[in-house]
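Notes follow once the structure below has been shown.
Here, each number is a calculation from the coordinates, and none is a lab measurement. These numbers were taken from a predicted model, which means no experiment stands behind them. Glycine also receives a Cβ, built like all others from the backbone with ideal geometry; neighbour counts cover every protein chain displayed.
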Amino acid sequence: MIVREWLFLTIAACDAAEPWQLGFQDASTPMMQGVIDLHHDIFFFLILILVFVLRILVRALWHFHYQKNPIPQRIVHGTTIEILRTIFPSIIPMFIAIPSFALLYSMDEVVVDPTITIKAIGHQWYRTYEYSDYNSSDEQSLTFDSYTILEDDIELGQSRLLEVDNRVVVPAKTHLRIIVTSADVLHSWVVPSSGVKCDVVPSRLNQISISVQREGVYYGQCSEICGTNHAFTRAPGNIGRLLSPLWLSRTTRGATHPRSKLLQRAAGAVGSQGARQ
Amino acid sequence: MADEIVLKTAPADFRFPTTNQTRHCFTRYIEFHRCLAAKGEESNECARFAKYYRSLCPGEWIEKWNEQRENGTFPGPL
């Protein structure tokens with residue numbers, strides 16, 4: 001998807017909300033890239049129609065001004081133009097529908113088994129993440145809570161109200177299954193750069209399948225009103241923000257690579273981080 | 001440290017192709033306990049199901065279901 005990746009190493013991608021941002025954040029998954037491409041396709045037709053309609057409108061206002069053209073026309077029919085103005089606007093949505101349905105159905109395709117399952121549990125007003133793929137008993141999940149860092153505790157360079165104390169760590173270029181649920185009320189787990197938005201419902205497990213194509217830190221915010229601290233306040237017990245740094249997944253080789261140490265910790269000694277605080 | 005790491009998780013189950021995986025988690029849990037009932041405590045087959053339900057189901061749900069099983073109030077066809 002991204003060719004010549006080394007060219008991008010010195011460019012910082014937009015993976016968090018920027019002030020006065022107008023466009024999308026940079027895509028990090030093929031799904032998000034599909035969303036952006038669909039947006040471009042639709043926007044093209046949108047501009048086409050906008051210019052056409054504005055031109056007709058301005059033309060009509062200009063040429064049929066009541067002082068310059070005092071006698072109104074008495075045309076009531078026009079078979080050709082009526083046929084054209086029916087057919088043409090029904091062809092345009094067909095052109096829009098083709099990429100739209102292609103994207104929609106490709107999102108639902110389960111092509112390959114996921115490599116790792118991460119559970120994200122929404123609380124008021126933080127998230128809990130569980131990595132349970134390597135448990136040998138019911139109690140040994142790698143579990144941690146993720147609270148937003150208060151404005152008072154933010155260090156220089158960190159994003160206000162986006163940083164959390166414990167980030168979700170996720171391997172790049174691997175098929176992930178993220179299962180979201182809630183322990184209390186509705187929330188929504190969102191990472192705009194990855195094209196993920198999934199409502200988090202109590203007593204229900206929703207599955208998100210993504211494959212993040214580049215390393216980085218991605219930010220997201222809760223997108224379903226969940227109480228006082230849903231957006232941002234100064235109260236303690238903060239909002240659930242989540243973000244995920246990624247590392248190259250050296251799955252079956254390079255076990256000594258420093259980046260895969262975390263994976264080893266998850267795979268091997270789950271006991272050390274098992275207890276939920 | 002020279003061991004290869006194999007990453008594996010519960011595979012996509014075509015019985016549950018949609019976003020809602022609640023039933024998937026529940027079914028795996030029930031399959032594990034039925035397998036235990038049928039084959040005894042030490043079978044490898046059952047360990048596979050155990051891994052699946054542990055990957056999919058939140059820890060709290062599993063704790064609740066384990067308690068319910070002990071109390072005899074588990075609402076599923078064990």
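Helix-only mean residue ellipticity at 222 nm, chain B, DSSP H runs n ≥ 4 weighted -39,500 (n - 2.57), per residue, nearest 500. What is it?
-18500 deg cm²/dmol
For the stretch A:40-136, which trypsin sites (Lys or Arg not before Pro) are both in a DSSP coil and crowded by at most 14 other Cβ atoms within 10 Å?
Hits after loop and neighbour filter: A:Lys68, A:Arg74.
Tell me the net charge near B:Pro11. Cut-off is 10 Å between Cβ atoms, B:Pro11 excluded, with +1 for each Lys or Arg and -1 for each Asp or Glu.
Combined, the nearby Lys, Arg, Asp and Glu give 0.
Rounded to two decimals, what is the ratio between the C-alpha radius of gyration of the stretch A:1-150 and 2.2 N^0.38 Å?
1.81
For the stretch B:32-78, what is the Kirkwood estimate of the hydrodynamic radius, computed as the reciprocal of the mean inverse distance between distinct Cα atoms, to one decimal in Å?
One over the average 1/r among Cα pairs gives 11.3 Å for the stretch B:32-78.
Principal axes first, then extents: for the Cα atoms of the stretch A:73-231, list largest minus smallest coordinate on each axis, whole Å, largest first.
79, 41, 33
Please state, rounded to one decimal and in Å, the Kirkwood hydrodynamic radius that the stretch A:116-182 gives when every pair of distinct Cα atoms enters the mean of 1/r.
13.4
So which GluC sites (Glu not before Pro) in the stretch A:66-148 pass both tests, a DSSP loop state and at most 11 other Cβ atoms within 10 Å of the Cβ? Intermediate results must be reported in sequence, preceding the final value.
Numbers: sites: A:Glu82, A:Glu109, A:Glu130, A:Glu139; in loops: A:Glu109, A:Glu139.
Loop-located and lightly packed - A:Glu109.
Please identify every one of the GluC sites (Glu not before Pro) in chain B that sits in a loop by DSSP and has no more than 14 other beta carbons within 10 Å of its own beta carbon.
B:Glu4, B:Glu41, B:Glu42
Work out, step by step, the length gained on full extension between A:Ala60 and A:Glu18: first 0.36 nm times the residue separation, then minus their alpha carbon distance; give nm to one decimal.
That pair, A:Ala60 and A:Glu18, stretches by 11.0 nm at full extension.
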